[in-house]
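Structure first, commentary second.
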Amino acid sequence: YSIKYVAKGGFGKVYKANWIDGYINKWDYSKYRWERKDQNKLVALKSLNNSENITLEFMDEVQFIFSGYTF
């Protein structure tokens, strides 16, 4: 919700949004539903230009972005 345009990048457009539900952490077997974490978190979204033709340069950018994160 409340998605806002931020900038145009080399491979598409960048937006920011509030991720109300948060990411799925695990299945809660007793309640028969997904357990979620980090509700109402600000996230970045990127739309891709010509996503059917992904280039090596784009993959390098993705690798660079995720190189600083631990999951």
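Here are a few things to note about the model shown:
- Taking the criterion of being of a type in the set (Lys, Arg) and over 30 Å from Met59 (Cβ atoms), the residues of segment 16-47 that qualify are Lys31, Arg33.
- Looking at segment 15-71, the strands (runs of 3 or more DSSP E) lying wholly inside it that each contain 1 or more residues that are farther than 23 Å from Lys4 by Cα, open to solvent by 90 Å² or more (accessible area, probe 1.4 Å) and not basic (Lys, Arg) sit at 33-37.
- Checking each residue in segment 4-14 for being surrounded by 10 or more Cβ atoms within 10 Å (Cβ to Cβ) and of a type in the set (A, V, I, L, M) picks out Val6, Val14.
The values are calculated or read from the model by the stated rules, or taken from the named source; none is laboratory data. Worth saying up front: this structure is predicted, and the values here are computed from it rather than measured. We place every Cβ from the backbone using ideal geometry, glycine too, and count neighbours over all the protein chains shown. Accessible surface is based on the protein model in full, side chains and every heavy atom, while ligands, DNA and RNA are left aside. Shrake-Rupley method; radii C 1.70, N 1.55, O 1.52, S 1.80 Å.
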